[in-house]
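Structure, as structure tokens:
The values are calculated or read from the model by the stated rules, or taken from the named source; none is laboratory data. Note that the structure is predicted; figures quoted are calculated from it, not measured. We place every Cβ from the backbone using ideal geometry, glycine too, and count neighbours over all the protein chains shown. Just the protein is used for accessible areas: all its heavy atoms, side chains included, with ligands, DNA and RNA removed. Shrake-Rupley method; radii C 1.70, N 1.55, O 1.52, S 1.80 Å.
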Amino acid sequence: MQWYYTKQGQQFGPVDEAELHRLAQRGEITPDDLVWNPTFGDKWVPASSVETLFASPPRMTPPVIVDEQPFGADGVWGSTPNRDLMGMARESLRNHWGLGIGVMLLNQIILSVASQLIPIAGLIIGGPMALGLCLVFLSLARRKHAEVGQLFSGFSRFGTALWAYLLMYLFILLWTLLLIIPGIIASYAYSMMFFIMADDPSVKARDAITRSKEMMRGNKWKLFCLYWRFFWWMLLCLLTLGIGFLWLAPYIQASLAHFYEDVRRGKVTEKKETAPDVDGSYQRQ
């Protein structure tokens, strides 16, 4: 991941994460200097707010990653390794673990209680709840204000969210009737649908599904590898009688939000965008 930084009013970069740590270790970047990477949007942040920046340097990412190739056969893979996406998710949740745990827990309780009271209630409200959940974690990923109330924001688009939810499960079911593997592949193809809807309030259900399929073309294996990285964490959570899932669930959801951000950038722009100026304007090349 590429970083930019300011020093005495001048903007420098891009540099990779390892170089940023080296600069911090040598004192060339101080805690009061501003830093930026694409996950911050238009906002520059103090270097002191970047976790471990002034601790020991991170291990450099190997140039070749077997399970997470930076580019697929058609050249549209997300460029950020999954291990970095998980690190970005932890950074997003820093000081927000309570919100993440609370939102995931509240979402599960509402769906469970609704399904117990009315068998099809979970299906009816599943779409709006999924949309609200994506909005919360997308806000966290972009370092914007996030709150519990956003979990229910999907009900303002109840019809679209419900229709998208029903279409998604219908298509997955039809593919699964053929074979299990096509059904799994379909679920990965539609996995970004609610993030797209959270990002674009005007998008229609069918368009969100189509855009998710396009976004995930060449990225399904990368998403599978991201899920696989959580497998051992899931086993450890079972040893805690499920209590560990309180922390693992928001960790996974935040990682998915950063995964969406990564593949979205690779799909929606063909221009190379540099860091925004401190005044919020952009330079393009």
Three-way shape label, the stretch 69-207, alpha-carbon gyration tensor, a/c 1.5: oblate
Net charge, residue 204 excluded, C-beta distance under 13 Å - Lys, Arg +1, Asp, Glu -1: +1
Mind ranking 213, 144, 222, 7 by accessible surface for me, highest first, 1.4 Å probe? 144, 213, 7, 222
Where the accessible area of the stretch 175-259 is counted over protein heavy atoms with a 1.4 Å probe, how much of it, in %, is carbon and sulfur? 74
Using a cut-off of 14 Å between beta-carbons, work out the net charge of the residues near residue 250 (Lys and Arg +1, Asp and Glu -1, residue 250 not included). +1
Quantify, in whole percent, the carbon and sulfur part of the accessible surface of the stretch 81-165 (1.4 Å probe; protein heavy atoms only). 67
Checked the stretch 159-200 with the C-alpha gyration tensor, a ≥ b ≥ c its square-rooted eigenvalues, rounded below a/c of 1.5, otherwise prolate if a/b is larger than b/c and oblate if not; verdict oblate
If you add up the charges near residue 187, with Lys and Arg at +1 and Asp and Glu at -1, over every other residue whose beta carbon is less than 13 angstrom from its beta carbon, what do you get? +2
